[in-house]
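One structure is given below, encoded as structure tokens.
We did not get these values from a lab; they are worked out from the coordinates using the rules stated. Remember, it's a predicted structure, so these values are computed and weren't measured experimentally. Cβ placement follows ideal geometry from the backbone for every residue including glycine, while neighbour counts extend to all protein chains displayed.
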Amino acid sequence: MATRSRYTAVPAVPLVGVEEWQSQILNALKENVELLTGTRGEPDLASAAVNIARLAVSVPPVQTMQRVSANGSGVTISGASVPILEDYNQLLTDVQKLANDVANLRATVEILITQLRG
């Protein structure tokens, strides 16, 4: 994917044959367009607009956790409710899948933020 935008240069505003107010408006428009396109020479490009060419973040991986597979099975021992070991282990697996999904989304968002900041 391209990382550089393609813009046509804005021609210089004529000095003769235009009213002063027209010249001021055209100069302001020219400067704003150049700032937005990043062609004005602004060192930090703080005014440059974000466009598709600057973004190259990949789609996050497919979510691995689609539903909770643990079903809450348990038993009562001496008046205390205790989960069945298999169900508890399944819940641990579900939580790990969810943590991995969150980490993948976080990595994607960090890349996107970095690209948006330029």
Quiz item: Roughly what angle does helix 20-37 make with the longest principal axis of the chain, taking Cα atoms, 0 to 90 degrees, to the nearest 10?
Solution: 30
Self-check item: Euclidean distance between Cα centres, region 19-40 to region 56-114, Å
Solution: 53
Exercise. Please give the length that would be gained between Glu20 and Leu36 if that part of the chain were fully extended, namely 0.36 nm times their separation in residues minus their C-alpha to C-alpha distance (nm, one decimal).
Key: 3.3 nm
Quiz item: If you line up the long axis of helix 85-117 against the longest principal axis of the chain, both from Cα atoms, how many degrees apart are they, to the nearest 10?
Solution: 10
Quiz item: Dipole of the chain, Cα-centred, from +1 at each Lys and Arg C-beta and -1 at each Asp and Glu C-beta, to the nearest 20 debye?
Solution: 280
Exercise. Report the local net charge at Ser73: Lys and Arg +1, Asp and Glu -1, summed over other residues whose C-beta lies under 12 Å from its C-beta.
Key: -2
Exercise. Ratio to report: Rg/Rh of the chain, with Cα atoms as the point set and Rh obtained by the Kirkwood method; give two decimals.
Key: 1.43
Practice problem: Could you tally the net charge around Asn27, taking each other residue with its Cβ under 15 Å from the Cβ of Asn27, Lys/Arg +1 and Asp/Glu -1? | Solution: -2
Quiz item: Which one of Val13, Pro60, Gln96 has its Cα pushed farthest toward the positive end of the charge dipole of the chain, where Lys and Arg give +1 and Asp and Glu give -1 at the Cβ?
Solution: Pro60
Quiz prompt | Paramagnetic reach from Leu92 in region 40-75 [backbone N under 17 Å; point 7 Å along Cα→Cβ] | solution = 69-74
Self-check item: Within-14-Å neighbourhood charge of Val13 [Cβ basis; K, R +1; D, E -1]
Solution: -3
